[in-house]
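This report refers to the structure that appears directly beneath it.
Values in this text are rule-based calculations from the coordinates and carry no lab data. All figures in this text were calculated on a predicted structure; none of them were measured in a lab. Every residue, glycine as well, gets a Cβ built from its backbone with ideal geometry; the counts of neighbours run over all protein chains shown.
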Amino acid sequence: MSNNFYQVGGTLPIESKAYIQREADTTLYQSLKESKYCYILNARQVGKSSLRVQTSHRLAQEGYNCVNIDMSSFGSEDITLIQWYNSFLDIIISTSFIFGYNKE
């Protein structure tokens with residue numbers, strides 16, 4: 001980690017001392033543990049990605065497997081709905097194999 005406390009733009013690393021816990025940290029964490037559908041919606045540069053990373057890390061420490069999907073990374077207007085869903089499922093499946101969900 002860099003010796004700089006402040007970071008302009010981008011997701012803060014897990015070990016960053018600049019990350020400030022907010023009410024959203026607790027709300028997201030508890031809701032995910034209760035298997036609730038969650039999404040993070042806010043303006044640019046307010047810590048959405050850092051919140052996601054911090055929460056995923058916290059859950060992983062407790063033995064949960066987390067999959068984070070950037071919905072903007074696949075699909076376009078030039079594909080069918082079935083192709084879009086297949087792209088979505090391909091990401092989940094490939095990530096699942098990486099994290100060991102494929103164990104029988």
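Sort 31-43, 83-95 by the packing proxy (mean of other Cβ within 10 Å over each peptide's residues), most packed first. Write out the running numbers ahead of the final one.
Working: 31-43: 9.8, 83-95: 13.0.
Most protected by this proxy first, the peptides run 83-95, 31-43.
Taking the stretch 1-66 on its own, what percent of its Cα-Cα pair distances exceed 14 Å? When all Cα pairs of the stretch 1-66 are counted, 59 percent exceed 14 Å.
Of all aspartates and glutamates in the structure, those lying under 14 Å Cα to Cα from Lys33, and not within fewer than 8 positions of it along the same chain, are Asp25, Glu62. In terms of the mean number of neighbouring beta-carbon atoms within 10 Å, the peptides 12-18, 54-60 order highest first as 54-60, 12-18.
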